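Peer 1: If you scroll down you'll find the structure; I have some questions about it.
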Amino acid sequence: MARRRDKSGVPDAASDRELAQPMTPAMPPPIDVSPVTRELILEPEDNARLASLSGPLDEHLREVERRLGVELSHRGNAFRIIGLAAAADAAHRALRRLYAETEKSALTAARVHLLLQAGEEQSATGAQSGRSAPTDADDAAANERTRISTRGAGIAPRGSNQRRYVENIRRCDINFGIGPAGTGKTYLAVACAVEALEREQVRRILLVRPAVEAGERLGFLPGDLAQKIDPYLRPLYDALYEMLGFDRVARLIERNVIEVAPLAYMRGRTLNEAFIILDEAQNTTTEQMKMFLTRIGFGSTVVITGDITQVDLPRERESGLRHVIEILDNIEGISFVFFQSRDVVRHPLVQRIVAAYERVEEARAKKIGQKSGDRNNRGGVA
């Protein structure tokens, strides 16, 4: 802005005041937060399917309201959705998806939770990539590609991280699945092992776990070696029983086709044509992890699972899983999948609990970083 001058050529004081005032930045356009209404007619009208969609005492509809932040009302198959535009559109898609699911089977609270979670992930994926969210057809095609086939049942991974995890296991020799409890790391690993055994891609399955107590001392455990470590491997057994049945699992263990062993007993072995699962790997030391990874022979597939936020080792010992993330990240033939709280497929409360712990740990790490920076700054002052 040019300074104004009077007839004598002296700058005008009013002009100085105008120049001294800061320029007001342009304000962004206001965000529209007014609620919108969406109407939805679910076809074909079927009272039994509508009852399944609503759930006991409208339990399923209340879950949709709570998760998506909308209000729902309906008369018969005519639904009204009130909420912010993005939330109302998400609820519109969710109701259509849930109603389509009722054609196959009755909805349960667990199934509603998983379908809503899949929808939320689709929307998040689309927002992050800047593209439109994947459609239900895209999601179904991806699930079919990664479907795990066993004699007991077909198992479809849920969500992009689980699908990538299964794809990596089929493609790479050594695979790491790292993340919180309830994300399907161990279950999917066992399913892939059973599928490989039934297709004769491997000759045996090895289940390995470090025998580390979770913060309590259990003392002497009676029985032979298998009986002593059985309690530590119970999650792996549960998955095997579900896929193969009790009798068949017992026969395969008796013939050593399925072998259960503590990590300490792996030293000196070479494991060829085997599918090896190391569970709870966060409780391995760096020496144990190196020993285990160097047991791998020809024709073998290894899956290593763990949660680096639940280490039960003594404080002075470094977790082998944390260490291996730093040194093996870019080696061809080794894959890593990092699961997050949104991948949890257990009770909805588990997802919220894991997210709450993550927030606290992030805040704690940030606080420690700030204290360390302050100390360094004080130390640099002469």
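Peer 1: How about segment 307-359: which of its residues are assigned to a helix (DSSP H, G or I), within 26 Å of ASN168 (Cα to Cα) and open to solvent by 70 Å² or more (accessible area, probe 1.4 Å)?
Peer 2: ARG322, GLU326, ILE327, ARG342
Peer 1: Kindly indicate the residue of segment 302-334 that is hydroxyl-bearing (Ser, Thr, Tyr) and under 16 Å from the mean Cα position of the chain (by Cα) and also nearest to VAL202 (Cα to Cα) among those meeting that condition. Step through it out loud before you land on a result.
Peer 2: Taking segment 302-334 as the starting set, the residues that turn out to be hydroxyl-bearing (Ser, Thr, Tyr) are 305, 309, 319.
When the remaining residues are screened for being under 16 Å from the mean Cα position of the chain (by Cα), the result is 305, 309.
Details: THR305: 20, THR309: 32 Å.
Selected residue: THR305.
Peer 1: So, of the residues in segment 309-328 that are of a type in the set (A, V, I, L, M, F, W, C) and touching a strand residue (DSSP E or B) at 6+ places or on another chain (Cβ under 9 Å), which turns out to be nearest to ARG364 (Cα to Cα)?
Peer 2: Taking segment 309-328 and keeping what is of a type in the set (A, V, I, L, M, F, W, C), we get 311, 313, 321, 324-325, 327-328.
In the following step, the residues that additionally are touching a strand residue (DSSP E or B) at 6+ places or on another chain (Cβ under 9 Å) were identified as 311, 313, 321, 324-325, 328.
Values: VAL311: 17, LEU313: 21, LEU321: 21, VAL324: 24, ILE325: 22, LEU328: 27 Å.
Applying the filter and picking the extreme gives VAL311.
Peer 1: Which of the helices (runs of 4 or more DSSP H) found entirely inside segment 1-118 contain at least 1 residues meeting this: modelled with pLDDT of 75 or more and not hydrophobic (A, V, I, L, M, F, W, C)? Don't jump to the end; show me each part of the working.
Peer 2: Working: elements: 13-20, 47-54, 59-68, 85-102.
Qualifying helices (runs of 4 or more DSSP H): 47-54, 59-68, 85-102.
The values are calculated or read from the model by the stated rules, or taken from the named source; none is laboratory data. For clarity, every value in this text was computed on a predicted model and none was experimentally measured. All Cβ positions, glycine included, derive from the backbone under ideal geometry; neighbour counts span all protein chains shown. Quick note on the areas: whole protein, heavy atoms, side chains included, nothing else; ligands and nucleic acids left out. Shrake-Rupley method; radii C 1.70, N 1.55, O 1.52, S 1.80 Å.
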